[in-house]
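A.B. asks: To start, I am sharing the structure in question, which I have written as structure tokens.
The values are calculated or read from the model by the stated rules, or taken from the named source; none is laboratory data. Because the structure is a prediction, the values reported are computed rather than measured. For neighbour counting, all protein chains shown are included, and Cβ atoms are generated from backbone atoms with ideal geometry for every residue, glycine included. The area values use the complete protein model at the heavy-atom level, side chains included, leaving out ligands, DNA and RNA. Shrake-Rupley method; radii C 1.70, N 1.55, O 1.52, S 1.80 Å.
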Amino acid sequence: MSGTHEQITGHCLCGAVTVTATPAKPHLEACHCEMCRRWCGSAYLAVQSDTAPRFSGEEHITRFKSSNWAERGFCSKCGSNLFYCFTPTGSYSFLAGLFDDLGDMTLGAEIFVDEQPDYYSFAQETTRRTGPELIAEAKEAGFTFD
């Protein structure tokens with residue numbers, strides 16, 4: 001996959017839920033925040049999508065409101081984590097492992113690096129931003145986090 005306009009398709013572990021999404025960026029992003037690490041067992045490696053994804057098996061998706069501005073989805077049949085949704089914009093990020101083929105996408109950015117534990121690190125050179133930096137950028141864009 002050479003650009004950000006090609007759709008990618010993937011599914012949960014049992015196959016009850018499939019997703020088709022269009023990546024918003026040509027790279028993966030890793031989130032090191034405590035909530036994502038607890039949810040994924042380590043850093044959350046994600047494919048961002050700013051356009052509405054297509055789901056099949058939507059009746060098997062359970063949504064959990066994890067904060068005032070986000071919800072996380074998982075398959076109610078097999079328990080696979082599926083997505084993080086930023087509810088103010090409706091943008092999604094999906095676990096990279098859901099997709100059958102990510103082409104030439106590599107890790108390009110890391111967020112909440114101030115919460116990254118010492119027990120792992122990535123070898124790639126990436127753009128690294130802290131939680132306070134991200135929150136400040138979002139507030140400048142008009143989002144509230146109450």
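A.B. asks: If a/c stays under 1.5 just call it rounded; otherwise compare a/b with b/c (prolate if a/b is bigger, oblate if not). Do that for region 1-58, with a ≥ b ≥ c from the square roots of the Cα gyration tensor eigenvalues. Numbers along the way, then the final one.
C.D. replies: On the way: a/c = 2.29, a/b = 1.18, b/c = 1.94.
It is oblate, given that a/c is not under 1.5 and a/b is not larger than b/c.
A.B. asks: Now a separate question. Can you work out the accessible area per residue across the chain, with the rest of the protein chains kept in place, probe 1.4 Å, in square angstrom? Please list the in-between numbers first.
C.D. replies: Details: 7940 Å² over 146 residues.
Heavy-atom accessible area per residue stands at 54 Å².
A.B. asks: By how many nm would the segment from residue 9 to residue 123 grow when fully extended, if each residue of separation counts as 0.36 nm and the alpha-carbon distance is taken off?
C.D. replies: Numbers: separation 114, 0.36 × 114 = 41.04 nm, distance 2.71 nm.
Gain in length upon complete extension: 38.3 nm.
A.B. asks: Here's a follow-up. What does the charge count around residue 10 come to, taking other residues whose C-beta lies under 10 Å from its C-beta (Lys +1, Arg +1, Asp -1, Glu -1)?
C.D. replies: Details: positive: none; negative: 100, 101.
Here the count lands on -2.
A.B. asks: Another question, if that's okay. So, in nm, how far is label residue 130 from label residue 18 when the simple model puts each one 7 Å beyond its Cα toward the Cβ?
C.D. replies: Those two pseudo-labels are separated by 4.5 nm.
A.B. asks: Still on this structure, please answer the following. Using the basic label-point model (7 angstrom from Cα toward the beta carbon), what is the residue 68 to residue 140 distance in nanometres?
C.D. replies: Distance between the two pseudo-spin positions: 2.2 nm.
A.B. asks: For region 1-108, taking Cα atoms only, what is the radius of gyration to one decimal and the Dmax to the nearest whole Å?
C.D. replies: Values for region 1-108 (Cα only, Rg and Dmax): 12.8, 35 Å.
A.B. asks: Just need the relative contact order of the chain here, percent rounded to a whole number, with Cα pairs under 8 Å and 6+ apart. Before the final figure, lay out each step's value.
C.D. replies: On the way: 299 pairs, mean separation 36.2, N = 146.
In percent, rounded to a whole number, it is 25.
A.B. asks: Another question, then. Carbon and sulfur: what percent of the chain's accessible surface (1.4 Å probe)? Please report the intermediate quantities before stating the final value.
C.D. replies: Values: 3940 of 7940 Å².
The computed percentage sits at 50.
A.B. asks: State the answer as a single residue: which of 17, 36, 60 lies farthest towards the positive end of the charge dipole of region 1-76, with beta carbon charges of +1 for Lys and Arg and -1 for Asp and Glu, about the Cα centre.
C.D. replies: 36
A.B. asks: Related question: Which distance in Å, rounded to a whole number, links the C-alpha centroids of region 79-146 and region 11-51?
C.D. replies: If we compute the Cα centre of each part, the gap is 8 Å.
A.B. asks: Give, rounded to the nearest 20 debye, the magnitude of the charge dipole that the chain has about its Cα centre when Lys and Arg contribute +1 at Cβ and Asp and Glu contribute -1 at Cβ.
C.D. replies: Roughly 420 debye, rounded to the nearest 20.
A.B. asks: Same structure, new question: Where does the charge balance sit around residue 141 when Lys and Arg score +1, Asp and Glu -1, over other residues with C-beta under 15 Å from its C-beta? Could you put the intermediate results ahead of the total?
C.D. replies: Values: positive: 129, 139; negative: 50, 133, 137, 140.
The answer is -2.
A.B. asks: Please check the chain for the longest run free of chymotrypsin sites (Phe, Trp or Tyr not before Pro) that are loop-located per DSSP (anything but H, G, I, E, B) and have at most 15 other Cβ atoms within 10 Å.
C.D. replies: Working: sites that count: 119, 120, 122, 143, 145.
After excluding every exposed loop site, the longest remaining stretch is 1-118.
A.B. asks: Between residue 114 and residue 59, how high is the FRET efficiency from 1/(1 + (r/R0)^6) when r is the Cβ-Cβ distance and R₀ = 35 Å? Nearest 0.05.
C.D. replies: Numbers: r = 39 Å, r/R0 = 1.11.
After rounding, the FRET efficiency stands at 0.35.
A.B. asks: How far, in nm, would the chain grow between residue 100 and residue 87 when pulled straight, counting 0.36 nm per residue and subtracting the alpha carbon separation? Mind showing how you got there, number by number?
C.D. replies: Numbers: separation 13, 0.36 × 13 = 4.68 nm, distance 2.62 nm.
Here the segment from residue 100 to residue 87 would lengthen by 2.1 nm.
A.B. asks: Normalising by the residue count of region 69-137, find the relative contact order in percent from Cα pairs under 8 Å and 6+ residues apart. Write out the running numbers ahead of the final one.
C.D. replies: Values: 72 pairs, mean separation 13.9, N = 69.
Rounded, it is 20 percent for region 69-137.
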